[in-house]
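Chemist: Quick one: the structure is below, questions incoming.
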Amino acid sequence: MRNPVLEVQGVSKTYLMGEVEVDALRNVSASFYEGEMVVLLGSSGSGKSTLLNILGGLDVPSSGSVRFRGVDIGAADEAELTSFRRRSVGFVFQFYNLISSLTALENVGLVADIASDPMPAGEALGLVGLGERMHHFPSQLSGGEQQRVAIARAVAKRPELLLCDEPTGALDYETGKLVLEVLRTVNEELGTTTLLITHNAAIAGMADRVFRMRSGEITGITENDKKLNPSELSW
Amino acid sequence: MTLLGRKLFREVWHLRGQMLAVAAVVACGISVFVAMKSVEHSLASTRLRYYAEERFADVFLGLKRAPLSMVDKALVIEGVAAARGRIVADVTLDVSGLSEPATGRLLSMPDHRRPVLNDLVLVEGRYFEAGQVDEVIASRPFMEANGLDVGDRIGAVINGRWSSLRIVGTALSPEYIYEVQPGGFFPDNRRFGVFWMSRSALASALDMEGAFNDLSVQLSRDASEAEVLTRLDHMFRRYGGVGAYGRGDHFSDRFIADEIRQVGIQVTVLPTIFLCVGAFLLNIVLRRLVSTQRQQVAVMKAMGYTNIEIGLHYLGYALLPVSVGALAGTLTGLWLGRGLTAVYSDFYNFAELYFMFRASDVLLSVLLSFAAAIGGAYGAVRSVVSLPPAEGMRPEAPSSGGLGVLDRSGVSTRFSIPVRLILRNIERRPFKSAISSLMIAFSLAILVAGRYGYDAVSYMMFTEFSNKHREDVTVMFNEPRSRAVGYELAAFEGVVEQELYREEPARLVCGHRSRRQVIQGIERSDGIRRLLDARNEPYRLPRHGLLLTTTLATSLGASPGDTLDVEFLQGERRHARVVLQDTIDELLGLSAYMHLAELEKAAGASGVVSAASLRLDAAYSAQLFSRLKELPGVAGVTMLKAMKESFEEVIARSTITSTLLLTVFAGILAFAVVYNGARISLSERGRELSSLRVLGYTRREIALMLLGEQVVLTIAAIPFGFGLGMLLSYLLALSLSSELYRMPLVFMPVNFVFAFFVIVLVALISGVIVKRSMDRLDLIAVLKTRE
């Protein structure tokens, strides 16, 4: 088997929501390997976003360990987490979170500014099929295009880990498939370990492995013998 | 409380930082308004009351000597309600503990206490006892400045005889609210004092039994002052009358009237600035608030709330902080007003300076602040009211992208992306950015203009005391003296240089305008006393004709080349026609100059002088002073250095307070603008900044991006602020200048540096506070919500 990039061991996360304690994650253990495409499938409240946030250094676990390339990031401080994200992680969210006063090229360039070995912003946009529209501002782009800019922005730093939280959640069917296509391209061409969160079971078909989550626990891991192309998916 | 009311209070609490900033700015404006209004009212009504209670005269006339029966004749003049003839004499004093001679003005009072015009208020001690010829009552400022007590004695040279006077009381008078030695401008209470003496004692000392040399007149209600002045002048011409004048030309009254007028001006400027800034801040805070609450507004409308209810609800967001500000401002203003009134009573000698305020002023301040609230909330309330519910349910259209000037011109590519981000944010909302910058500029302007008054006065002092008047001592004689007095003075050990001059009271007439004015006859304009032009360059006195200060010429409507009628008011009372040769810009007072020889030709009586300026060798000053104290015929001795010191002390005391106040106010203003600007940016751009954090930007980096906009606006505000400060100073100079003095437009670089540092410091503090709230931003939560 390939090397694990990320390993979580006995991770739990408890939130205080007002006066109620919520166990968002309970004793989760898993490993993610170089270059694989993982889909985390679960309904709303299953804990998948919490796990993704912990994996990406946006949050820290209440207990358990998170090791990135053997280094424990579960106990890292704010500055260490920032530098971890800066070097190694790309995020894509349901809402594109682009900066409205910057062009597509500049939005991607923002990452290039702080990464050590970035991909030229134009090349990253070419990868997501937006080479032609790189000088447009977000307000001049469609939702799918904006999400592709967000993906380009996430991959421009050549992250080892690409974390996508419902990247197609705000998009229509056709556009959603187009975005998934881009994610597949990135995964295959750059070999970036990609974790994709969705509640849409149909998307699981494009993964190497599928994690099913419920109530803060991983209830099952399946391996796809044959990965499907996003174009072959339907829902 | 209604649910909307609860919503209002909770949300205002949630936005408390910004709301407090608005309230603080409004409070500053209102406190200045209330404070200055109450000071103005206190000064004006105390003056009025004081004048009425002590029967301050309406018309004054100095003369040589007239029999007391002439007082009754004066009473016959139509318009004269009361008249009082008294004896006035300036004498040299010997005060224990003071090496140099002081000047005393002796005023006669009835032997037995009875109400008279220009009465005194006995503060301490008692009135004269019958038969006691050495008793005097002294003015309080003089007593305090010299540490004298009732019962102490002082020496005086009266009519050439040295006598010892016993102080039996301390008093104040409406005539000397601003107590300044004759010919002086700034108070020097150590070396000048007013003394009241029983009529019989003073008359016998001065050989003035049955006579008087000073007339005070009270006018009847519908009297014509001009008419009375003319008739009095005519009536007392043969008694050596030197020209009657009304209260408007009374030095002390004019000084206070000017002060009250200046306070009135300050009431308008600062509060206007603060309330405008308050309105602007409300505007940006409320606009942001309603843009985040579009959906709530739509839901409320869908539920059936009327536009009026919703409009009033959002107006409440403005009225609430403004009411808090108005209340705090009113209370602070009353407190400040009380304190400032106390400062004024240090400077002006009122028997009692009552602190007063009018309920109508407080009400007006509340109305003004509400007007600011409504003005500030107008845009936001209108957008809420006009929002169709269906549209409100949808998210607001994203701000339009597109290339601005910076991009089209290619300038932006020279900057890094974070810098471009900052510049574009400013460029996309040019109006808001410009106003924000303007508001910061106002803070700077307040700091610059606040210090301007001090600079202007310092400059006046420098010109007056160091450049123009270079004498150490001026000796004024009771009577015109022969020029030979110059040799006498020069023979005193320690007198390095002496210069004689002559002063002739005259009436200058140009067309239908006329004015009483002392003409100074001088021999040279480049000696101990110099004439300086507007650029502070030495000015050469014309050999012939008259030289007037510009303000005096303007008030007479005279231009160089015009011929003026000059009626001399003393001696032979000659009339002459003299050509106005030139005008000269001087900062203090009104002056007329002629070459001494020309003045002698015009006024007659050649070879006499009325005063001497001396430069002394410091080593001999003590013995020289003691000789001057005994010199007969000396009406007064003024010490330039002492005058300068006493003035500097007074100015320093009052400017420290005002500088401190203005610095605090300007600081609050700048803080509120920068803090609110950054908070609004944070609210508007929370998502962007969170994205950047997720991408791996550090807190520091995104703080710089957020605050960079405020930094750029602050930097842009600096030159504007300086310019605006200079403009404000110019307007202040225009409005504060009077016939008594012209404020020169001078600026000290150190004040700009000071203003700069205050603004930078304030911007830094607000930046740190905003950064702290930015650090608490929950990035995940922000990113998961739809804008």
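The values are calculated or read from the model by the stated rules, or taken from the named source; none is laboratory data. Because the structure is predicted, anything quoted here is derived from the model rather than measured. Cβ placement follows ideal geometry from the backbone for every residue including glycine, while neighbour counts extend to all protein chains displayed.
Chemist: Look at A:GLU21 and say whether it is at pLDDT below 90, more than 16 Å from A:ARG67 (Cβ to Cβ) and not hydrophobic (A, V, I, L, M, F, W, C). Before the answer, list the steps.
Modeler: Working: at pLDDT below 90: yes; more than 16 Å from A:ARG67 (Cβ to Cβ): yes; not hydrophobic (A, V, I, L, M, F, W, C): yes.
Here the answer is yes, as A:GLU21 does meet what is asked.
One line per residue, one yes/no per condition, for (1) surrounded by 16 or more Cβ atoms within 10 Å (Cβ to Cβ); (2) more than 30 Å from B:LEU764 (Cβ to Cβ):
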residue: B:LEU631; (1), (2): yes, yes
residue: B:LYS641; (1), (2): no, yes
residue: B:GLU648; (1), (2): no, yes
residue: B:ILE668; (1), (2): yes, no
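Chemist: Same structure, new question: A:LEU162 passes all but one of (1) at pLDDT 90 or above; (2) outside any strand (DSSP E or B); (3) within 14 Å of chain B (Cβ to nearest Cβ); which number fails?
Modeler: That leaves (2) as the condition not met.
Chemist: Would you confirm, using the coordinates I've provided, whether B:SER606 is free of Cβ contacts under 8 Å to residues at least 60 places away in the same chain and over 30 Å from B:MET743 (Cα atoms)?
Modeler: yes
Chemist: Please work out which one of (1) among the hydrophobic types (A, V, I, L, M, F, W, C); (2) in contact with a helix residue (DSSP H, G or I) (Cβ under 7 Å, 6 or more places away or on another chain); (3) assigned to a strand (DSSP E or B) is the condition A:VAL38 fails and give its number.
Modeler: Among (1) among the hydrophobic types (A, V, I, L, M, F, W, C); (2) in contact with a helix residue (DSSP H, G or I) (Cβ under 7 Å, 6 or more places away or on another chain); (3) assigned to a strand (DSSP E or B), A:VAL38 violates only (2).
Chemist: Looking only at region B:507-516, decide whether some residue is over 27 Å from B:ASN467 (Cα atoms), out of contact with any Gly (no Cβ under 9 Å at 6 or more places or on another chain) and in a loop (DSSP other than H, G, I, E, B).
Modeler: No, region B:507-516 has no match at all.
Chemist: Only one of these is surrounded by 18 or more Cβ atoms within 10 Å (Cβ to Cβ), in contact with a Gly (Cβ under 9 Å, 6 or more places away or on another chain) and at pLDDT below 80: B:SER443, B:SER412. Name it.
Modeler: On the way: B:SER443 fails: at pLDDT below 80.
Every option except B:SER412 fails the conditions.
Chemist: List every residue pair whose Cβ atoms sit under 6 Å apart, with the two residues 6 or more apart in sequence or on different chains, where the first one lies in region B:410-437 and is away from chain A (no Cβ under 14 Å) and the second, anywhere, is among the aromatic types (Phe, Trp, Tyr).
Modeler: B:ILE435/B:PHE280
Chemist: Here's a follow-up. Output the residues belonging to region B:685-703 that are acidic (Asp, Glu) and within 12 Å of A:ASP113 (Cα to Cα). Steps first, please.
Modeler: First pass over region B:685-703, keeping only residues acidic (Asp, Glu): B:688, B:701.
Once the filter is applied, which keeps residues that are acidic (Asp, Glu) and within 12 Å of A:ASP113 (Cα to Cα), region B:685-703 yields only B:GLU701.
Matching residues to (1) surrounded by fewer than 19 Cβ atoms within 10 Å (Cβ to Cβ); (2) within 14 Å of the chain's Cα centre (by Cα); (3) over 19 Å from A:LEU110 (Cβ atoms); (4) not β-branched (Val, Ile, Thr):
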| site | (1), (2), (3), (4) |
| --- | --- |
| A:GLN146 | no, no, no, yes |
| A:ALA150 | no, yes, no, yes |
| A:ARG158 | yes, yes, no, yes |
| A:GLU166 | no, yes, yes, yes |
| A:TYR173 | yes, no, yes, yes |
| A:LYS177 | no, no, yes, yes |
| A:ILE218 | no, no, yes, no |
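Chemist: Inspect all residues belonging to region B:369-386 and state whether any of them is more than 40 Å from the chain's Cα centre (by Cα) and either outside any helix (DSSP H, G or I) or modelled with pLDDT under 80 (or both).
Modeler: Checked against the condition, which is being more than 40 Å from the chain's Cα centre (by Cα) and either outside any helix (DSSP H, G or I) or modelled with pLDDT under 80 (or both), region B:369-386 yields at least one hit.
Chemist: If we keep just the residues of region A:115-141 that are in a loop (DSSP other than H, G, I, E, B) and surrounded by fewer than 20 Cβ atoms within 10 Å (Cβ to Cβ), which is farthest from the other protein chains (Cβ to nearest Cβ)?
Modeler: Initially, region A:115-141 is screened for residues in a loop (DSSP other than H, G, I, E, B), giving A:115-120, A:128-130, A:134-137, A:141.
Checking which are surrounded by fewer than 20 Cβ atoms within 10 Å (Cβ to Cβ) leaves us with A:115-118, A:120, A:129, A:135-136.
On the way: A:ALA115: 8, A:SER116: 11, A:ASP117: 14, A:PRO118: 11, A:PRO120: 14, A:GLY129: 20, A:HIS135: 9, A:HIS136: 8 Å.
It comes out as A:GLY129.
Chemist: Same structure, new question: Find the residue count for region A:23-49, including only residues that are under 12 Å from the mean Cα position of the chain (by Cα) and β-branched (Val, Ile, Thr).
Modeler: Keep residues of region A:23-49 that are under 12 Å from the mean Cα position of the chain (by Cα), which gives A:37-40, A:48-49.
Narrowing the set further to residues that are β-branched (Val, Ile, Thr) leaves A:38-39.
Residues meeting the conditions: 2.
Chemist: State which residue is surrounded by the most Cβ atoms within 10 Å (Cβ to Cβ) when the search covers only region A:88-114 and only residues that are touching a residue at least 60 places away in the same chain (Cβ under 8 Å) and at the interface with another protein chain (Cβ under 7 Å from one of its Cβ atoms).
Modeler: Checked region A:88-114; the qualifying residue surrounded by the most Cβ atoms within 10 Å (Cβ to Cβ) is A:PHE91.
Chemist: Being out of contact with any helix residue (DSSP H, G or I) (no Cβ under 6 Å at 6 or more places or on another chain), touching a residue at least 24 places away in the same chain (Cβ under 8 Å) and more than 14 Å from chain A (Cβ to nearest Cβ) is true for just one of B:LEU661, B:LEU669. Which residue is that? Let's see the steps before the verdict.
Modeler: Values: B:LEU669 fails: out of contact with any helix residue (DSSP H, G or I) (no Cβ under 6 Å at 6 or more places or on another chain).
Step by step, each of B:LEU661, B:LEU669 is checked, and only B:LEU661 is out of contact with any helix residue (DSSP H, G or I) (no Cβ under 6 Å at 6 or more places or on another chain), touching a residue at least 24 places away in the same chain (Cβ under 8 Å) and more than 14 Å from chain A (Cβ to nearest Cβ).
Chemist: Just one of A:GLY131, A:GLY122, A:GLY64, A:GLY56 is closer than 21 Å to A:VAL28 by Cβ and in contact with a Leu (Cβ under 8 Å, 6 or more places away or on another chain); which is it? Step through it out loud before you land on a result.
Modeler: Working: A:GLY131 fails: closer than 21 Å to A:VAL28 by Cβ; A:GLY122 fails: closer than 21 Å to A:VAL28 by Cβ; A:GLY64 fails: in contact with a Leu (Cβ under 8 Å, 6 or more places away or on another chain).
Every option except A:GLY56 fails the conditions.
Chemist: Identify, by number, the condition in (1) touching a residue at least 40 places away in the same chain (Cβ under 8 Å); (2) more than 14 Å from every other protein chain (Cβ to nearest Cβ); (3) assigned to a helix (DSSP H, G or I) that A:GLY144 doesn't meet.
Modeler: A:GLY144 satisfies every listed condition except (1).
Chemist: Of all residues being among the polar types (S, T, N, Q) and in contact with a helix residue (DSSP H, G or I) (Cβ under 8 Å, 6 or more places away or on another chain) in region B:526-569, which is nearest to B:GLU600 (Cα to Cα)? Just the residue, please.
Modeler: That would be B:SER559.
Chemist: Let me ask something additional. Sort through B:LEU43, B:LEU93, B:LEU75, B:LEU68 and tell me the only one that's out of contact with any helix residue (DSSP H, G or I) (no Cβ under 6 Å at 6 or more places or on another chain) and either over 27 Å from B:VAL116 (Cα atoms) or surrounded by 19 or more Cβ atoms within 10 Å (Cβ to Cβ) (or both).
Modeler: On the way: B:LEU43 fails: out of contact with any helix residue (DSSP H, G or I) (no Cβ under 6 Å at 6 or more places or on another chain); B:LEU75 fails: either over 27 Å from B:VAL116 (Cα atoms) or surrounded by 19 or more Cβ atoms within 10 Å (Cβ to Cβ) (or both); B:LEU68 fails: either over 27 Å from B:VAL116 (Cα atoms) or surrounded by 19 or more Cβ atoms within 10 Å (Cβ to Cβ) (or both).
Residue meeting the stated conditions: B:LEU93.
Chemist: Please find, among A:SER12, A:SER44, A:SER29, A:SER62, the residue that is out of contact with any strand residue (DSSP E or B) (no Cβ under 6 Å at 6 or more places or on another chain) and more than 27 Å from A:ARG158 (Cβ to Cβ). Spell out the reasoning first.
Modeler: Numbers: A:SER12 fails: out of contact with any strand residue (DSSP E or B) (no Cβ under 6 Å at 6 or more places or on another chain); A:SER29 fails: out of contact with any strand residue (DSSP E or B) (no Cβ under 6 Å at 6 or more places or on another chain); A:SER62 fails: out of contact with any strand residue (DSSP E or B) (no Cβ under 6 Å at 6 or more places or on another chain).
Residue meeting the stated conditions: A:SER44.
Chemist: On the given criteria, is A:ARG184 in a strand (DSSP E or B), among the charged types (D, E, K, R) and in contact with a helix residue (DSSP H, G or I) (Cβ under 9 Å, 6 or more places away or on another chain)? Even if it seems obvious, please write down each step before you answer.
Modeler: Numbers: in a strand (DSSP E or B): no; among the charged types (D, E, K, R): yes; in contact with a helix residue (DSSP H, G or I) (Cβ under 9 Å, 6 or more places away or on another chain): yes.
Against the criterion (in a strand (DSSP E or B), among the charged types (D, E, K, R) and in contact with a helix residue (DSSP H, G or I) (Cβ under 9 Å, 6 or more places away or on another chain)), A:ARG184 does not qualify.
Chemist: Look at A:ASP172 and say whether it is closer than 29 Å to A:SER234 by Cα, among the acidic types (Asp, Glu) and more than 9 Å from chain B (Cβ to nearest Cβ).
Modeler: Values: closer than 29 Å to A:SER234 by Cα: yes; among the acidic types (Asp, Glu): yes; more than 9 Å from chain B (Cβ to nearest Cβ): yes.
So A:ASP172 passes the test.
Chemist: Additional query: Tell me which residues, restricted to region B:584-596, are among the hydroxyl-bearing types (Ser, Thr, Tyr) and surrounded by fewer than 19 Cβ atoms within 10 Å (Cβ to Cβ).
Modeler: Taking region B:584-596 as the starting set, the residues that turn out to be among the hydroxyl-bearing types (Ser, Thr, Tyr) are B:591, B:593.
Scanning region B:584-596 gives a single hit, B:SER591.
Chemist: Still on this model: Working only within region A:48-70, note down all residues that are modelled with pLDDT of 90 or more, on the phi > 0 side of the Ramachandran plot and surrounded by 23 or more Cβ atoms within 10 Å (Cβ to Cβ).
Modeler: Hits for region A:48-70: nothing passes.
Chemist: Among (1) without any contact (Cβ under 8 Å) to a residue 24 or more places away in the chain; (2) under 33 Å from the mean Cα position of the chain (by Cα); (3) not in a helix (DSSP H, G or I), where does B:GLU209 come up short?
Modeler: Among (1) without any contact (Cβ under 8 Å) to a residue 24 or more places away in the chain; (2) under 33 Å from the mean Cα position of the chain (by Cα); (3) not in a helix (DSSP H, G or I), B:GLU209 violates only (2).
Chemist: Which of the numbered conditions does B:LEU61 fail, given that it passes all the others? Conditions: (1) crowded, with 23+ Cβ neighbours inside 10 Å; (2) assigned to a helix (DSSP H, G or I).
Modeler: With (1) crowded, with 23+ Cβ neighbours inside 10 Å; (2) assigned to a helix (DSSP H, G or I) applied to B:LEU61, the lone miss is (2).
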